[in-house]
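Take a look at the structure set out below.
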Amino acid sequence: MAVNVESRLSAHLRGLAERGEKALGMFITSGFPDLNATPDLLDAIDAGGADFIELGMPFSDPLAEGIPIQRSSARALEAGVTMAKTLEYARDFTSRSDTPLLLMGYGNPVMQYGISNFFRDARSSGVEGVILPDVLPDPESPFFRSAAEHGVDTVCLVSPTTPTARLEHIDRLSSGFVYAVSVTGVTGANTGDASPILDYLRRVKQTVRENALMVGFGIRSAENVRTMVSEADGAIVGSALVNLVADVWDGEAGSRAERLAAVTAFVADLKSGTRS
Amino acid sequence: MIEETLTTAQPDARGYFGDFGGAFVPEILVPALEELTEAFSDAKKDPAFQARYHGLLRDYVGRPTALTFAERLTERLGGGRIYLKREDLCHTGAHKINNAIGQILLARRMGKTRIIAETGAGQHGVATATVCARFGMECVVYMGAEDIERQKLNVHRMQLLGAEVRPATSGSQTLKDATNEAIRDWVTNVRDTFYIIGSVVGPHPYPAMVRDFHTIIGEEVKVDLEDKEGRQDPDILIACVGGGSNAIGIFHPFLNNPDVRCIGVEASGEGLDGRHAATLTLGKPGILHGALSYLLQDAEGQVDLAHSISAGLDYPGVGPEHAWLKQTGRVEYLSATDDEAMEGVKLLSETEGIIPALETAHAIAGLARIAPETSPDELIVLNCSGRGDKDMQTIAGAL
């Protein structure tokens, strides 16, 4: 729920905007491709210049995800990732870096961890915000109440099907930023022609005034980022990074350092799309 | 009629039955769910819609279905008088078509052009493919790859009816995963696509809407029992519970009478200490497929794989209204193993000449435990939710 005191995440994004810069958010699944990789991957993404990072909390039945993040989630769960480990990765990363870290995932693992405990531990692990695509904005829900109580931002989503009146409602209840899903579809979706997306973002931007507007789903190149940020405050890339990580980890050779360098280079290239 | 007669058993405005239900879905689907809620509410009040729905149930489905006195089964079990509500006699062989008819009429009313569905045993898939053929609409049915193997006959039926059967290859490759894939399709094609959910599960308004399309089952029991026994309400109702649609359909018109004992029978698979699908018996509250209900899951909130010999009960979740009925104690929930279900198949086949679906066989297993404890003046109605033809390969393998 929007709070009167500006959160660190909002302030960070506003700082970027004031410098005339757009934001790049990167998503990576916690515990993927193996448990040891996550701390190094977070650092590699950070080194590439991401403005914020979303660490995915794997769930067995991720119904908003396309195949890349479905597979990365299943692989992380097989590797033995737990909520406690994800929070530990978050704590380690935020102790090393000032780049805002968010957690993204589904309602059920949060509910089983204990909703209030989750937001308390997320906060104490330095997590700035949480994104739960299957938990709808509702100030009465225990998710939103606990998040507000513990000072964790709740980033809400809007989609091309969201009517204007509901955009206002979502803007009021969202904190950190508002996440605009680019097309009707799952993560990694083929977005097709950009012009209807840009029209939609223009419409959303007219209504969403309390929060920065980040656009995600199906964005995979610096060129995509450059197009999207013409009508948004930033862009989020997830499936494309997950695909790259799967490729370099499972591919022919390459030392660990070379794999991580490939990740940093990919993020740096995407980041170039945020600077005109 | 599809009525709103029971004030005690309605979800609240946010779609909750007590602590259970709600809508846990991607934002993309919110306008579609609101539109559906409104369309269903309007349709219920529209005499033309009611006439169309009930006309199709009569002339196409073959309703009302019989209420058969099970004379030899009653003798065999030695307790109360047992009646069978013969949903196995519905067109396509199970109760599922009641709901498919209702939802496709809504889809057409809303101007949707494409239908999607998920299926476990294939009965809901067949029912959906059937109504799509009847109305000439495009139909895609998601089915777990493992279920495609064990329910081949139903796959052929759906294909003959013109539906495209898409295998769900993720996870356990059963109903849970088919439902994930159907939701992903809906999220992608929400503007022109209507999702016909096959049980009293999913986000609001589905649990209440699917229930309302099945309460015809219980309503007919009242009429027939009055005719045959001189009273509308039995002493005991028994039905199997996977998602729980046939059980809700027969229980619901009786929930306001506390003297009617309602018993749901879940699938305990290899046994409650082995692989099973006894969600209400051993699950904990959790969120899956758009609703908060009981769920089979581990301590981390990852959904467990269910197991049952019956593909239609092989599901780690259950309808939120059942979760609420369990919590309030209004309905008792038992479970029956794969082996007990096979005994149930034999029992009904041998005593009554009716081969039940493996799902229904779980209710018969429950009945075999309950009936001997009852007195001869008690009336028991078992919902014979489907016929066993589709299961003959599995049954032959297990006997």
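Between B:Ala368, B:Ala311, which is surrounded by fewer than 24 Cβ atoms within 10 Å (Cβ to Cβ), of a type in the set (Gly, Ala, Ser) and in contact (Cβ under 8 Å) with a residue 60 or more places away in the chain?
One residue alone meets the criteria, B:Ala368.
Could you please find all residues in region B:21-32 being open to solvent by 10 Å² or more (accessible area, probe 1.4 Å) and more than 8 Å from chain A (Cβ to nearest Cβ)?
Across region B:21-32, there are no qualifying residues.
Among the strands (runs of 3 or more DSSP E) confined wholly to region B:147-240, which include 3 or more residues that are not β-branched (Val, Ile, Thr)?
Passing ranges, in order: B:164-168, B:236-240.
Return yes or no: is B:Gln123 within 25 Å of B:Ser308 (Cβ to Cβ) and open to solvent by 10 Å² or more (accessible area, probe 1.4 Å)?
Criteria met by B:Gln123.
Might you let me know whether region B:73-80 holds any residue that is over 20 Å from the mean Cα position of the chain (by Cα), part of a loop (DSSP other than H, G, I, E, B) and within 12 Å of another protein chain (Cβ to nearest Cβ)?
no
From the residues in region A:135-149 that are touching a helix residue (DSSP H, G or I) at 6+ places or on another chain (Cβ under 8 Å) and of a type in the set (A, V, I, L, M, F, W, C), which one is farthest from the other protein chains (Cβ to nearest Cβ)?
Ranking the qualifying residues of region A:135-149, first place goes to A:Ala147.
Residue-wise test of (1) more than 14 Å from every other protein chain (Cβ to nearest Cβ); (2) surrounded by fewer than 23 Cβ atoms within 10 Å (Cβ to Cβ).
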| position | (1), (2) |
| --- | --- |
| B:Ala267 | yes, no |
| B:Gly271 | yes, yes |
| B:Gly274 | yes, yes |
| B:Leu296 | no, no |
| B:Gly319 | yes, no |
| B:Ala341 | yes, no |
| B:Gly353 | yes, yes |
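For A:Gly234, indicate whether it is small (Gly, Ala, Ser) and at pLDDT 95 or above.
yes
Please enumerate the residues belonging to region A:131-173 that are under 15 Å from the mean Cα position of the chain (by Cα) and polar (S, T, N, Q).
Listed by number, the list holds a single entry, A:Thr154.
Scan region B:277-292 residue by residue and report those that are of a type in the set (Gly, Ala, Ser) and either at the interface with chain A (Cβ under 8 Å from one of its Cβ atoms) or more than 18 Å from B:Ile183 (Cα to Cα) (or both).
Matches in region B:277-292: B:Ala277, B:Ala278, B:Gly283, B:Gly286, B:Gly290.
Limited to region B:120-134, what total is found for residues that are closer than 11 Å to B:Ala100 by Cβ and in contact with a helix residue (DSSP H, G or I) (Cβ under 6 Å, 6 or more places away or on another chain)?
Going through region B:120-134 one residue at a time, the tally reaches 8.
Search region B:165-186 for residues that are more than 17 Å from B:His307 (Cβ to Cβ) and within 7 Å of chain A (Cβ to nearest Cβ) and pair each with any residue that is open to solvent by 20 Å² or more (accessible area, probe 1.4 Å) and outside any helix (DSSP H, G or I) when their beta-carbon atoms are under 6 Å apart and the residues are at least 6 apart or on different chains.
Within 6 Å, the pairs are B:Arg184/A:Val186.
Of everything in region A:150-184 that's of a type outside the set (S, T, N, Q), open to solvent by 20 Å² or more (accessible area, probe 1.4 Å) and more than 9 Å from chain B (Cβ to nearest Cβ), which residue is farthest from A:Arg8 (Cα to Cα)?
A:Ala165
Which condition number in (1) in contact with a Ser or Thr (Cβ under 9 Å, 6 or more places away or on another chain); (2) open to solvent by 10 Å² or more (accessible area, probe 1.4 Å) is the one that A:Ala265 fails?
Every condition holds for A:Ala265 apart from (1).
What residue, of B:Glu75, B:Glu87, is of a type in the set (D, E, K, R) and crowded, with 22+ Cβ neighbours inside 10 Å?
Of the residues listed, the single one that is of a type in the set (D, E, K, R) and crowded, with 22+ Cβ neighbours inside 10 Å is B:Glu87.
Taking into account only those residues within region A:122-134 that are away from chain B (no Cβ under 14 Å) and farther than 15 Å from A:Lys85 by Cβ, which is surrounded by the fewest Cβ atoms within 10 Å (Cβ to Cβ)?
A:Ser124
Would you please name the residue that is farthest from the other protein chains (Cβ to nearest Cβ), looking only at residues in region A:34-43 that are open to solvent by 10 Å² or more (accessible area, probe 1.4 Å) and under 22 Å from A:Asp269 (Cβ atoms)?
Checking each candidate, the answer is A:Asp43.
Could you tell me which numbered condition B:Tyr83 fails, if it satisfies all but one of (1) outside any helix (DSSP H, G or I); (2) in contact with a Gly (Cβ under 9 Å, 6 or more places away or on another chain)?
(2)
Which one is nearest to the other protein chains (Cβ to nearest Cβ), of the residues in region A:64-110 that are of a type in the set (Asp, Glu) and in contact (Cβ under 8 Å) with a residue 12 or more places away in the chain?
The qualifying residue nearest to the other protein chains (Cβ to nearest Cβ) is A:Glu65.
The values are calculated or read from the model by the stated rules, or taken from the named source; none is laboratory data. Keep in mind the model is a prediction, meaning the values are calculated, not measured. Virtual Cβ from ideal backbone geometry, glycine too; neighbours counted across all protein chains shown. Protein only, heavy atoms only, side chains kept; ligands, DNA and RNA dropped before computing areas. Shrake-Rupley method; radii C 1.70, N 1.55, O 1.52, S 1.80 Å.
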